[in-house]
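Since every read-out is calculated from the coordinates, none of them should be taken as a lab result. This structure is a prediction, so every number in the text was calculated from the model and none was measured. All Cβ positions, glycine included, derive from the backbone under ideal geometry; neighbour counts span all protein chains shown.
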Amino acid sequence: MASTPIAGKAKPRSFASKPRHRRRGLEAYLFLLPALVLIGVFTLIPFVQGIVLSFQSWDGVSTDTPFVGLDNYLRVFQDNIFWSSMLNAVIFGAVGLVIGGAVSLGMAMAVNKAKRFSAFFRTVYYVPGVFSVVVVGMMFSWLLDPRIGILNRFLGAIGLDALQHNWLNEPDTAVWAVAAVFVWYHWGFGFLLFLAGLQDIPKEYYEAAELDGASPWARFRYITWPDLAPVTTIVSILTLLGGLKIFGTVLVLTNGGPGYHTEVPTLRIYKEAFQFHRYGSAAAMSVIFGLGLVALSLFQLWISRRSNA
Amino acid sequence: MQQPPKISAPPRALRVDFHSSRGNQLTSKARIFTRRFAFYALLVLVAFVALFPIVSVLLGSVQKAQELYSGSSFFPTTFEWNNYVTAWNDGNFKTFLPNSLFYTVIAVIGILIVASMAGYALARIEFPGSKVVMFLILAIMIIPAPASFIAVYKVLVNMHLANTRQGYILVLIAEGLPLSIMIMRSFFVRQPKELEEAAVLDGSSSFGVFWRIMLPLARPGLAAVAVIEALHVWNEYLLALVIFNDDSLMPVQRGLTRFVSAETPQTNILLAATAISVLPIIVLYLFAQRNITQGIAEGAVK
Amino acid sequence: MSEETAKRLNRRRFIALTGGALTAAAILAACGDNTPTSGTVATTAATNATTAASAATTAAGAATTAATTAASATTAAANVAPNGIKLVLLNQSRGQAAALEALAKTYLAQTGVEVTINTAGPTDYLQKLQASSQSGDMPDMYSALAKYNDMAPYYKAGWAMNLQPEMDKGWSKNFSSSVLKQITWKEGNPQGLQPGIYGAPWEINTYAVLGNPTIFKKAGLDLSTPPATMPEFIDQLKKINNSKSAPFLLASSNTALFIQHYVSNFLTDDEISQTFGGKLPWKSDAWRNALQLIVDLRDAGAIANNALPTGSSDNATGEKEFFNVQDLATYYDSAVSISVAKTTAPDFTTFISFPLPKAGNGKLEPRSVGGFGRGMAINPKGKHPDEALKFIKWMTDPAQEKQMFDTVPLLPANPNALDTSKLSPQVTGFSSLVDKTQVISNPLKAQVNEAMQKGIQSLVLKEKSVDQVLDDLEAAQRS
């Protein structure tokens, strides 16, 4: 047992035999072919068109789309609201990553360990994510209503009147209320992936560790965490991105309000396109925002690679 | 990835634990009990937080419209099961539900096949351009494109696939690929290299290695992707609205939006319709999560 | 093979079989339905008709009038056989869907022309319309919204027939003179449209204040004579606030309209139009007075919860408070709210509507915002534009508009459709303003609309001053 190698990314020794290398390349692309074709046709084309659109002017309907050079980008750089909305995106991203990630990991580990009713808990914890964002927005608008909402009524009933707030409409609480709903809505995603990831860790490691007398924290730190590394990486990136790109939750709950307190970049892009009818500058916003997201993701990948190396 | 240090590393911890279990047998049993009780209490508390809004939705779905809107009582005073009948009929579930089932099943199967192949290639095969492909997929997944649905629709029109089931499903698969590929890749990456090498030495082809060995090992990942993508497809609406002109091809979400209207809100019916529409997803999840936890418990290499 | 692998394969086979069975069942069910390529219009019409019928039975009483009226109309007119002409109408309004479908059925019986009503719903209508325009399969008729900014791109791209010639030939009798003025695009409009008329409305929308007499009574006030001036109104709201009831609300998304409504006390329609067009400054005393109203309401404690509702369904939230929870004394809303009341709170019939009280320091008679509501635009590039035109003309006749009023309900644009003396107190506030609406030639820029909404939210929260908000409006106008 002790000689059993532990699962992980062992670095392959590349024998410098050219034909084998070329054959592997061909194999790889064969495996990738269906994906590349589908993505190429249905995703890449709109993607490239979006980039081209950022240099044009379009109202969404007309057939001519005149080239305007960098005008759109200039306008976006002067759009203060767009840039200040980035701050909220960062808040949502951080909350989603740290709190959402910790909660879903904790829940996955707890459910994995529970012997009774585990199926019940597994289902219940995933359920928040199955509803559409419109219904979730509706649910929480009710729950958080200042007069008839359950939360304030409950606080009043137990005598904590001072804690009652107009959760979604007060500048101090709006962002956190939306963030809380966001975490609630999306924890199922990380939960599911972590749960799946935990399955592959052989039980023998834990048994051996317990026999050796390791504390639960040591077991987590030296077995669970390293083994989950690839899953943690992907979940981190996805939850961070999900938070940064938050859209539906904000739209339904506050529409960026009160004032601009919960405004986020995706909402600005949406309004620029569909309400102001300036698809060109909306595309420019998407490119700028998207590049920022890509940079952030690469940064995060680099960090996780360093901590695992 | 590094080799984890020897498990028996901290001897001090060893001594402390040993000591407590040696000591008072009775209190340790009580301690175990309280710890377990606290553990389950915490689980139940989180379950409450997860379920509470949903319970209020379910309760609302059997209330009369007036009662629901006035918020006068949390628990329904009369149980209007009729709401479900109205939801079924007015939401045209009879047509939309089989459509959604069809789209979800086919699209998810398509995604699983294509994404697992692509994920495998990116995870296990070292080939020139792998970094570029990964970067591209990542970029596509990350950068938002606000009016992309228009471009996608135009592509379908040019391919004469607009207003067809095939067209819709192809787009669904394409949309779900970037995320699924990244997830599958992360599951393949963790598998030990030795399995593959052994199979190759045995004379198995690349595809054989993939199909017979790596794929079954990544079953929890497959199940997770299936659930995630099924949910995406099931809740998808904008593309269906744009691509389909015929109501007979529409998915379940179309029926739901019938009850979302500022002028004639029918929120209680909407809640009932929502309850009906999430049932298949929950059934799928119940089915899939057994697959997630039936991982290879006996060890990776035998 | 080891035992586990064998078990795994068996399990997998089972899973594969169930999956296959499920797929097969789904395919059978899905394909067993109507084939999508042929006979679609008929099937969709059938589905829509059944939906219309069931919707009519489940909705409150007035809807049955629609069914009986449609039935009686069918029996009254001679039954004409279908002549093969099929039109598609893309409808934005879910509230009007049932009425439109019933009328389409009547039209089919009368003329043999089949009109299919595709209802996209308010949230998705524009996306659907946009995608249709891009792929070249625009419907024969589509909802012409009252929002200029959203419809202008389509009119500009040639997707709407110019109805001015027909109007000049006598169709104009179906519209009141103020509506006609509002729907005519003039020479030199900022959207760059050729002058003309591009949409035919059958609905008039006005904005007024809804009032709950019971709450007024609780504060010792009598709502049977509504307040005529704003100082009087604010005074009453103060008393209501002191009696622990919620005084006044309006939705964030309606705030720009509210200000535009109130500023008509100080500016003429022409001056308002010019400000919207960027030719007159926002930083003027008139607009300052208008925004000051918000500050006055705030300081008098008249705004319930000290905050305006936000979110994409903020108006629905406010309407819920007024109609369902019934603890809100007054609410500023459009005539469309009457249909909301009918659906969600049919028993609440004691509320009234009254015009927005005029300013204490105003010079002019205030005029309501809104004016022409929704109607239809006709696609000149469709297969049967002349038939579509005939249908829309028929829809604007008094009989049809009266039916829309009874069933939806909505205020008809045809002045001959209604007997205004027979209207209930719930509607009279709105209907009395039908001839007192603003005629604005330049629509408000979308960016300014947003700046106004956000600015007013900030005013209520005491985060900005009136002058700061006016600066924001100027900046947005120039952006």
Neighbours of residue C:288 by Cβ distance under 13 Å: Lys/Arg at +1, Asp/Glu at -1, summed charge -4
Hits in segment C:414-430: amide N under 16 Å from the 7 Å Cα→Cβ extension of residue C:350, namely C:425-426
Plugging the Cβ-Cβ distance of residue C:363 and residue C:279 into 1/(1 + (r/R0)^6) at R0 = 22 Å yields, to the nearest 0.05, a FRET efficiency of 0.60
Segment B:128-181 and segment C:273-342 have their Cα centres apart by a whole-number Å value of 42
Zone reached by a paramagnetic label modelled 7 Å from residue C:229 Cα along Cα→Cβ, restricted to segment C:350-380 with backbone N below 11 Å, covers C:358-362
Here the equivalent ellipsoid of the protein assembly as shown, derived from its Cα gyration tensor, has semi-axes (largest first, whole Å) of 54, 34, 29
Ordered by number, the chymotrypsin sites (Phe, Trp or Tyr not before Pro) in segment C:151-208 that occupy a DSSP loop and have at most 10 other Cβ atoms within 10 Å are none
Computed over chain A, the relative contact order (Cα-Cα under 8 Å, seq sep at least six) in percent reads 29
Restricting to lysines and to Cα separations under 23 Å from residue C:217, and discarding same-chain partners fewer than 8 apart, the set is C:238, C:239, C:244, C:320, C:358
Here, residue C:187 and residue A:203, labelled 7 Å along Cα→Cβ, have an inter-label distance in nm of 8.8
So for chain A, using the alpha carbon gyration tensor with a ≥ b ≥ c as root eigenvalues (a/c under 1.5 gives rounded; past that, a/b versus b/c decides prolate or oblate), I'd call it oblate
D (µm²/s, integer) via Stokes-Einstein for segment B:99-233, Kirkwood Rh across alpha-carbon pairs, 20 °C, 1.002 mPa s: value 133
Inter-chain shielding metric for B:228-240, i.e. average beta-carbon neighbours from other chains within 10 angstrom, reads 3
Checked against the positive end of the charge dipole of the protein assembly as shown (+1 on Cβ of Lys and Arg, -1 on Cβ of Asp and Glu, about the Cα centre), the farthest of A:31, C:106, C:275 is A:31
For segment B:123-170 the translational diffusion coefficient, Stokes-Einstein from a Kirkwood Rh over Cα pairs at 25 °C and viscosity 0.890 mPa s, in µm²/s, is roughly 187
The rounded separation in angstrom of the Cα centers of segment B:204-246 and segment A:234-266 is 26
Among A:271/C:147; C:105/C:402; C:181/C:279; C:279/C:436; A:271/B:154, the pairs whose Cα-Cα distance exceeds 19 Å are C:181/C:279; C:279/C:436; A:271/B:154
For segment C:362-447 the trypsin sites (Lys or Arg not before Pro) that pass both the DSSP coil test and the at-most-15 other-Cβ-within-10 Å test are C:363, C:381, C:383, C:436
Summing -39500 (n - 2.57) over every DSSP H run of at least 4 in the protein assembly as shown, dividing by its residue total and rounding to the nearest 500, the 222 nm mean residue ellipticity is -19000 deg cm²/dmol
With R₀ set to 60 angstrom, the calculated FRET efficiency between the beta-carbons of residue A:94 and residue C:79, to the nearest 0.05, is 0.30
With the 8 Å Cα cutoff and a minimum separation of six or more residues, segment B:94-297 has a relative contact order in percent of 33
Dipole check, chain B, charges on Cβ (K,R +1; D,E -1), about Cα centroid: among B:220, B:147, B:255 the Cα furthest to the positive pole belongs to B:220
